[in-house]
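Chemist: What follows is a structure written as structure tokens; I'll ask about it next.
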Amino acid sequence: MFEYVESAPEEALVSRSARGDEQAFGVLVERYKGMLYSMAYRLMKDRGRAEDAAQESFIKAWAALPGFKGESKFSSWMYRICYNTCISELRKKRPEVELDEAMGVGVEGPAEEFRNRDIQAVIHDEVSRLPDDYRAALTLFHFNGLSYDEIARLAHKPMGTVKAQIHRGRALLKARLLERVGWDNLKEVMWQ
């Protein structure tokens, strides 16, 4: 029976899960845990907090599943739950940042690879420092590949707001990166 559950279509798994089938929900968790963790990590910037947020999202989904009407894809519904969980957690408490991390101290060395890693670290550092709404919108758009419309539905915001947040987030990120690493270093890493 378990083999059938693993290969069952998503709609059947969701329907069975909504009726309390833990085995079917376990298959959904296996299918989507990587997706949720990835999004949570990009928003939270901390492995432990991302794991907690992803797990909390599944707990919330299990409790809310009987009310899931199927008006959106299950993955979109899960994204929304995880996004809301992460944003709520970020608003509660900001993590402490180590001094070296805050100053962007990286590995120095003559090799090009080290320099590129340093610049990548600065990019990730600056993304993590963006205001929560900008970071979330940029993360969902660039790293998770969601469209403006999907982000608007997920965040319960007008599409114009989402577009503005992505535009402003990019502009702020660009200004900060240019200040920290300069255009020549930045363009080399971006176009590799």
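Chemist: Say R0 is 45 Å: what FRET efficiency, to the nearest 0.05, do Glu22 and Arg180 get from their beta-carbon distance?
Modeler: 0.40
Chemist: What's the ranking of 120-130, 39-49, 172-182 by average number of surrounding C-beta atoms within 10 Å, highest first?
Modeler: 39-49, 120-130, 172-182
Chemist: At a Förster radius of 35 Å, what calculated FRET efficiency corresponds to the Cβ-Cβ distance of Lys33 and Met159, to the nearest 0.05? Walk me through the numbers on the way to the answer.
Modeler: Numbers: r = 29 Å, r/R0 = 0.83.
Efficiency, rounded to the nearest 0.05: 0.75.
Chemist: Now for a separate question. Can you tell me the length gained on complete extension of the stretch Gln120 to Ser88, counting 0.36 nm per residue apart and subtracting the Cα distance?
Modeler: Values: separation 32, 0.36 × 32 = 11.52 nm, distance 2.76 nm.
Stretched out fully, the Gln120 to Ser88 stretch lengthens by 8.8 nm.
Chemist: Now for a different question. First select every other residue whose beta carbon is under 11 angstrom from the beta carbon of Ile166; then total the charges, Lys and Arg +1, Asp and Glu -1. Numbers along the way, then the final one.
Modeler: On the way: positive: Arg135, Lys163, Arg168, Arg170; negative: Asp133.
Taking every other residue near Ile166 into account, the sum is +3.
Taken together, the values in this text are just the output of simple stated rules run on the coordinates, not laboratory data. Note that this is a predicted model, so its numbers are computed, not measured. Cβ atoms come from the backbone with ideal geometry, glycine included; neighbour counts cover every protein chain shown.
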